[in-house]
Amino acid sequence: MLVISWVTVPQTAVHATTQPVTVYLHGHNGNRHSMLALMAAAKRQKQATPALVMTVSAAGQVTCYGQLTAHTPRPLVQVVFLDRHELDYHRLRRWLYNVLATLNSRYGVRQVNLVAHSLGNTAVLFYLLRWGNDAHLPQVAKWVSIAGNFDGIAGMHLQPQHNHLNANGRPHLLAPAFRQAMLWRDRFPAVAILNIYGNLADGSASDGRILNASSRALGFLVAGRAASYTERRFSGPAAQHSRLRENPQVATAANDFLWPASVRSN
C-alpha cells in the first residue's frame, strides 16, 4: 500500500502573510501548462502575481519553486500533481492538505482561494469535508470550481449514460463518492463558491466529458452550508471540458468573483 507523507503544521510561522493566496489545481492527466491561461488572465486583468509552483509527488512530498513574501501582490500558486492519473479522493485530498499545510508553515499563509478544474475539484471537495474547519490550516475563503465531476462520470460511475437533477437539486442517480460526500456534508465550511460548467448545446447536457447534472450536484451538497453558491453555465464549442480552462469568458468570470473590487486593465 502506498504511504502518503504528511506535513506537520506548526502553531506559528516566521513570515506571516495576511492576504489571501489563490491556488490553482489541474485535473486528471493535467500538467504544469493546464492552468496557465487562467493564471495569465488573473495577472492581466487583476494585477495578480504568479509567485510559486508547488509540485506534489505520489508520496505526498511538496517541493516549492519561486518566491512568496508578505508583500507579494495578489499571489498566485500553481499546484502540479506529479502523478497525473491518480483518481482516489483520499490521496488527492491528502496531497492538497500537504500543499496548504506547507503554505501555512513555510510562508505563514492564513487564507486561500482555490481554483480547480475537473478532478482537481474532487481534491477540493473532500479536503473541505475533512479539514475545512481546521483552525491550524489556511482557511478557504473562495472556491472556483470549473467542470467539476461531483456525481461521477457517465459510463464510469453511473449507468445509464444520462442523469438529471430532481426538483430539489439532488441527482437522480448517485455515484459512490457522492454518497460518501453526502454523509459528511454537515462538515462543509462557510466557503463562497462559483461553480462553472460547460454545455456543448448538442443535446448531450454535458461538456463532452462531464454531465451537467454531475457538475451541478455540488449545489445540493453545500446548500445551507456554503457562505454563498453561484452557478455559471457556458455554452457552445468553447465550453468543452478541457477548453473551459482556455475560455476567456470563464477566466473573466473567475477573476471577477475572486477580486470583485478591482478594475481590469485594458
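The values are calculated or read from the model by the stated rules, or taken from the named source; none is laboratory data. What you are looking at is a predicted structure, and each value in this text was computed from that prediction instead of being measured. Reconstructed Cβ throughout: ideal geometry from the backbone, glycine too, with neighbour counts over all protein chains shown. Note: accessible area is taken over every heavy atom of the protein model, side chains too, but ligands, DNA and RNA are not part of it. Shrake-Rupley method; radii C 1.70, N 1.55, O 1.52, S 1.80 Å.
Stretching the chain fully between Arg185 and Thr69 yields a gain of 38.3 nm (0.36 nm per residue, less the alpha carbon separation).
The calculated FRET efficiency for the pair Ala223 and His136, based on their C-beta separation and a Förster distance of 25 Å, comes to about 0.35.
About its Cα centre, the dipole of the chain is roughly 360 debye, where the only charges are +1 on Lys and Arg Cβ and -1 on Asp and Glu Cβ.
Can you give the relative contact order of the chain as a percent, counting alpha carbon pairs under 8 Å and 6+ residues apart? Present the calculation step by step, with values, prior to reporting the outcome.
Values: 578 pairs, mean separation 53.3, N = 266.
With pairs under 8 Å counted, the relative contact order is 20 percent.
Which one of Gly120, Gly224, Gly132 has the biggest mean-square fluctuation once the chain is modelled by GNM with Cα springs under 10 Å? The residue that fluctuates most here is Gly224. Net charge near Ala147: determine it from the other residues with C-beta under 14 Å of the C-beta of Ala147, scoring Lys and Arg +1 and Asp and Glu -1. Taking every other residue near Ala147 into account, the sum is +2. A probe of 1.4 angstrom, applied to the heavy atoms of all protein chains, finds Asp186 with accessible area near 130 square angstrom. Each of Asn212, Phe81, Val144 was scored by the projection of its Cα onto the charge dipole of the chain, and the greatest displacement toward the positive side belongs to Val144; charges sit on the C-beta of Lys, Arg, Asp and Glu.
Could you work out the local net charge near Arg216, counting Lys and Arg as +1, Asp and Glu as -1, over the other residues with Cβ closer than 12 Å to its Cβ?
Numbers: positive: Arg170, Arg232, Arg233; negative: Asp151, Asp207, Glu231.
With Lys, Arg at +1 and Asp, Glu at -1, the neighbours total 0.
Each DSSP beta bridge with both residues in the stretch 78-204 is either parallel or antiparallel, and the antiparallel ones are about 5%. Once all protein chains are placed together, Lys142 keeps about 50 Å² accessible to a 1.4 angstrom probe.
Please give the Cα centre distance for the stretch 229-257 versus the stretch 82-97, rounded to the nearest Å. So the two Cα centres are separated by 24 Å. For Thr230 and His172, the difference between the fully extended length at 0.36 nm per residue and the C-alpha to C-alpha distance is 18.8 nm.
For the chain, DSSP calls about 15 percent of its internal beta bridges antiparallel.
Site pair His90 and Arg32 shows an inter-label distance of 3.1 nm when each label is modelled 7 Å from Cα along Cα→Cβ.
If you fit an axis through the alpha-carbon atoms of helix 212-222 and take the longest principal axis of the Cα set of the chain, what angle between them do you get, 0 to 90°, nearest 10? Long axis of 212-222 versus the principal axis of the chain: about 60 degrees.
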